[in-house]
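Okay, structure first, notes after.
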Number of protein chains: 4
Amino acid sequence: MSQEPILVITTGGTVDKQYFDALSEYQIADSVIPKLLATARVAHPFRVIELLRKDSLELTDDDRALIARTIETAPEKRIVITHGSDTMTDTAKAVAAIAGKTVVLCGALSPARFADSDALFNLGMAFACAQSAAPGVWITMSGTVFDGLKVRKDRAAGKFVDL
Amino acid sequence: MSQEPILVITTGGTVDKQYFDALSEYQIADSVIPKLLATARVAHPFRVIELLRKDSLELTDDDRALIARTIETAPEKRIVITHGSDTMTDTAKAVAAIAGKTVVLCGALSPARFADSDALFNLGMAFACAQSAAPGVWITMSGTVFDGLKVRKDRAAGKFVDL
Amino acid sequence: MSQEPILVITTGGTVDKQYFDALSEYQIADSVIPKLLATARVAHPFRVIELLRKDSLELTDDDRALIARTIETAPEKRIVITHGSDTMTDTAKAVAAIAGKTVVLCGALSPARFADSDALFNLGMAFACAQSAAPGVWITMSGTVFDGLKVRKDRAAGKFVDL
Amino acid sequence: MSQEPILVITTGGTVDKQYFDALSEYQIADSVIPKLLATARVAHPFRVIELLRKDSLELTDDDRALIARTIETAPEKRIVITHGSDTMTDTAKAVAAIAGKTVVLCGALSPARFADSDALFNLGMAFACAQSAAPGVWITMSGTVFDGLKVRKDRAAGKFVDL
């Protein structure tokens with residue numbers, strides 16, 4: 001491993017949710033991911049593409065095709081995608097066929113703007129997995145590095161588990 | 001990768017520093033690592049040994065031998081050590097010869113109790129690296145997964161860099 | 001002023017909102033106010049009544065009568081009410097006639113569980129106002145101690161202003 | 001009460017302490033008070049003078065005279081001073097004779113940069129006390145609005161108490 005650049009693609013999801021008092025509800029706001037990477041004092045080379053700003057239940061096949069195309073055309077071999085947790089496994093399937101790249105999906109069960117969010121830990125997991133793991137697709141949630149095609153979200157239990 | 005348990009050994013360092021008003025200074029307090037892993041909503045099996053509570057400039061050869069022995073005698077093959085950043089590379093050398101285990105050192109430049117600390121991210125990196133990387137010793141700081149024997153801390157710049 | 005006990009009545013509102021991943025939305029949860037007062041290291045005597053758990057747009061006349069009755073029957077002369085900001089001024093009207101008590105309403109535009117919330121500041125304002133101000137009803141929001149009958153919420157601007 | 005401007009004078013103290021990894025110690029850094037007032041979404045008119053940057057054990061008679069002179073020459077009648085807690089009562093004595101102004105001292109037992117600090121609450125208390133209380137000197141710490149001349153810090157207990 002060396003200082004190979006990492007591409008971070010943000011797509012929205014809970015991690016980026018903000019509470020808007022004037023609307024009495026949450027909405028996905030500007031991605032907090034750049035701010036999290038600054039808090040993490042990351043000196044490793046990376047760039048961020050804010051590709052989408054959607055709750056993952058609203059992602060379409062076209063959205064997933066866009067994510068895949070963005071990965072394929074990027075020069076980077078190491079990719080982190082921040083994503084809503086509800087359909088993270090669907091996007092994992094959509095990018096699994098891309099050769100020669102280590103792609104890691106992560107997100108958060110609690111918005112990053114919360115004081116006690118899992119966001120920063122999950123992002124750290126993904127950043128390391130993108131550097132250490134073999135090419136393929138991975139999901140780093142609930143403290144485990146999962147094979148991206150052998151995992152599911154147990155919504156009631158609030159965690160990711162082996163398929 | 002599966003649900004192989006991770007052993008987390010805490011030794012002190014900046015990550016665990018607390019501000020004590022009565023003393024008008026920061027000192028290492030109860031390890032905050034268990035609380036960080038709860039915030040991270042980690043469901044992966046792990047256990048924590050609070051082995052030492054020292055600033056890493058005060059670690060002795062005996063301390064390093066204790067850390068090494070603790071790793072060798074543990075059933076776990078995947079180890080995370082939280083450690084002061086100043087002499088992290090010395091401890092990496094002390095544990096590099098242990099066969100068959102993936103050992104990852106991490107810490108923080110800002111106490112975890114701070115609102116904008118790098119602690120949670122670095123811990124996440126270590127937790128993933130312990131699962132993804134090959135046996136050997138690693139350091140996850142400043143956003144990079146470093147070979148534990150090929151890295152140094154650039155104290156003035158406040159980051160870890162290749163040796 | 002001395003160590004006269006303060007009664008804190010919580011009624012819900014944004015300040016107590018929590019994000020529930022399984023529901024993909026924010027809802028009012030257990031009041032966070034006791035935890036805020038602990039964080040604030042409050043040694044002043046107080047007690048907390050969790051009276052309601054509602055968004056203030058859903059408060060009814062019966063709810064407001066309950067709040068008023070709770071204040072009237074309490075031994076304390078100094079009252080803090082945490083409340084949703086949207087109808088805080090309506091509740092102020094409902095309690096204005098209570099004699100001999102200093103009643104202060106406060107809340108937050110951002111849930112207290114957020115890292116950058118105004119909740120703790122507003123609660124501090126109310127706690128001091130309850131001790132310093134004359135009997136009557138007050139609202140402490142947006143940094144100002146308002147006469148509770150001479151203020152309105154400018155929802156679009158996200159702040160409280162003089163009527 | 002109306003929208004009378006508040007003058008905030010920062011002098012340093014624990015509230016502004018930052019941990020500097022390169023030095024392995026804390027130091028008083030740029031005041032966080034402006035950032036706290038932004039987090040608090042304060043719309044009330046105010047200005048901030050960063051007068052000193054000292055631990056309060058290091059304040060001299062000249063420093064206290066400077067604080068007093070700054071208050072006397074300011075157009076504002078409502079003053080908040082953020083200050084180290086150890087000698088807050090000494091500064092209260094030094095400003096008690098100033099006529100026609102409501103002066104409130106506050107600080108924090110935990111640096112504001114910490115996630116669980118009392119800083120924001122204490123600042124809120126002071127901001128309200130400056131608007132509600134009669135002219136004179138006050139101290140808002142540990143949840144109580146104290147007469148600034150009738151209070152002391154119980155260092156061992158970590159709180160302010162009546163004299």
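Some notes on this structure:
- Some residue of region A:53-65 being surrounded by 18 or more Cβ atoms within 10 Å (Cβ to Cβ), within 30 Å of C:G84 (Cα to Cα) and out of contact with any Gly (no Cβ under 8 Å at 6 or more places or on another chain): no
- Every condition in (1) within 13 Å of chain D (Cβ to nearest Cβ); (2) free of Cβ contacts under 8 Å to residues at least 40 places away in the same chain; (3) buried (at least 17 other Cβ atoms within 10 Å of the Cβ) holds for C:L37 except the one numbered (2).
- All positions within region A:94-115 that are in a loop (DSSP other than H, G, I, E, B), under 18 Å from A:A29 (Cα atoms) and over 14 Å from the mean Cα position of the chain (by Cα): A:R113, A:A115
- Of all residues making up region C:116-163, the number that are aliphatic (A, V, I, L, M), more than 12 Å from D:S132 (Cβ to Cβ) and not in a strand (DSSP E or B): 7
- Among (1) modelled with pLDDT under 95; (2) farther than 22 Å from B:V151 by Cβ - the single one B:V15 does not satisfy: (2)
- The set of residues from region D:40-90 being more than 14 Å from chain C (Cβ to nearest Cβ), under 18 Å from D:L109 (Cα atoms) and touching a residue at least 40 places away in the same chain (Cβ under 8 Å) comprises D:R53, D:K54, D:D55, D:S56, D:L59, D:I81, D:H83, D:G84, D:D86, D:M88, D:T89.
- Exclusive hit being at negative phi, surrounded by 22 or more Cβ atoms within 10 Å (Cβ to Cβ) and of a type in the set (V, I, T), set D:T91, D:T87: D:T91
- Lone qualifier among B:A43, B:A65, B:A29, B:A38 - being within 27 Å of B:G158 (Cα to Cα) and out of contact with any Pro (no Cβ under 8 Å at 6 or more places or on another chain): B:A29
- D:S142 being within 14 Å of the chain's Cα centre (by Cα), at pLDDT 95 or above, farther than 23 Å from D:F46 by Cβ and within 11 Å of another protein chain (Cβ to nearest Cβ): yes
- Residue within region B:101-112 that is away from chain A (no Cβ under 14 Å) and farther than 22 Å from A:A128 by Cβ present: no
- Taken over region C:113-125, residues that are in contact with a helix residue (DSSP H, G or I) (Cβ under 7 Å, 6 or more places away or on another chain) and either more than 7 Å from chain D (Cβ to nearest Cβ) or of a type in the set (S, T, Y) (or both) amount to 1.
- If you go through region A:65-100 and keep only what is among the hydroxyl-bearing types (S, T, Y) and farther than 18 Å from A:F160 by Cα, you end up with A:T70, A:T73.
- Filtered residue count, region B:5-33, keeping only those that are surrounded by fewer than 15 Cβ atoms within 10 Å (Cβ to Cβ) and within 14 Å of chain A (Cβ to nearest Cβ): 1
- Residues of region D:98-115 that are surrounded by fewer than 16 Cβ atoms within 10 Å (Cβ to Cβ) and at pLDDT below 95: none at all.
- Checked against (1) more than 7 Å from chain C (Cβ to nearest Cβ); (2) buried (at least 24 other Cβ atoms within 10 Å of the Cβ), D:G136 passes all but condition (2).
The values are calculated or read from the model by the stated rules, or taken from the named source; none is laboratory data. Given the structure is predicted, the values throughout are model-derived calculations rather than measurements. All Cβ positions, glycine included, derive from the backbone under ideal geometry; neighbour counts span all protein chains shown.
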